[in-house]
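Only one structure is covered here, and it is reproduced in the block below.
The values are calculated or read from the model by the stated rules, or taken from the named source; none is laboratory data. Please read all numbers here as calculations on a predicted model, not as lab measurements. As a convention, Cβ positions derive from the backbone with ideal geometry for all residues, glycine included, and neighbour counts pool all protein chains shown. For accessibility, only protein heavy atoms count, side chains too; no ligands or nucleic acids. Shrake-Rupley method; radii C 1.70, N 1.55, O 1.52, S 1.80 Å.
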Amino acid sequence: VQIGSGTDWEWNSASGYSTNQVATAYGVKTDGTGWIWGDATNGKLGNGTTTPNICSPIQIGSLTDWKQMNGGQYHSMAVKTDGTLWGWGRNNSGQLGVGNTTDYSSPVQVGSLTDWLYVVCGATVTSGLKTDGTVWGMGSNSYGSLGQGPATGSFSSPVQVGSYTDWTHISRNQTNVQTAFMGVRGGTFEAPAGTLWALGNNTWGQLG
């Protein structure tokens, strides 16, 4: 079904969690405004509240510089056109990357760097690709999905995944029991073409 009648959507994504069916959708319009709808638990909608769930797109603040968005089970992340990284929602594992485990119902900036290119989320984990080709992660290191050695613990500030500087595309899945990260090395962000790498839970052979 069509969402409204607008013809100015430029980018969209969605997050969900199979066990509880907590789903949220994200959209960025050609004017740079950010829109969100769905599950509001833990402030995931970024509108300053935790209820009710929203079944039609609402604008995230009044800013016009959003570039890309993605979400996990109960948290949301976004990159702006100026290369800054922002997060809101649940932060129990430090998945917002702001150095603490406090939940936020409105967007907060992750550090002060302006070299973020793209962000993806798992249930309680976030990974970001930077313009220099490095990958960074924050949140739960369950199953080693952040690439930080022992497959335990969590990180409330971004940590680099390995030392490679040629990542061009990254992705994550949503559920806790399938926590995994995949990425392409080589090519360019616009046309990734190279080797495929994975880390995290491999119970079903999902790492290939």
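State the percentage of accessible surface on the stretch 33-190 attributable to carbon and sulfur atoms; use a 1.4 Å probe and exclude ligands, DNA and RNA. Carbon and sulfur together cover 52 percent of it. Per residue, the chain exposes 44 Å² of accessible surface when a 1.4 Å probe is rolled over the protein heavy atoms with every protein chain present.
Sites listed here are chymotrypsin sites (Phe, Trp or Tyr not before Pro) in the stretch 113-189 whose DSSP assignment is loop and whose Cβ has at most 16 other Cβ atoms within 10 Å: 164, 189.
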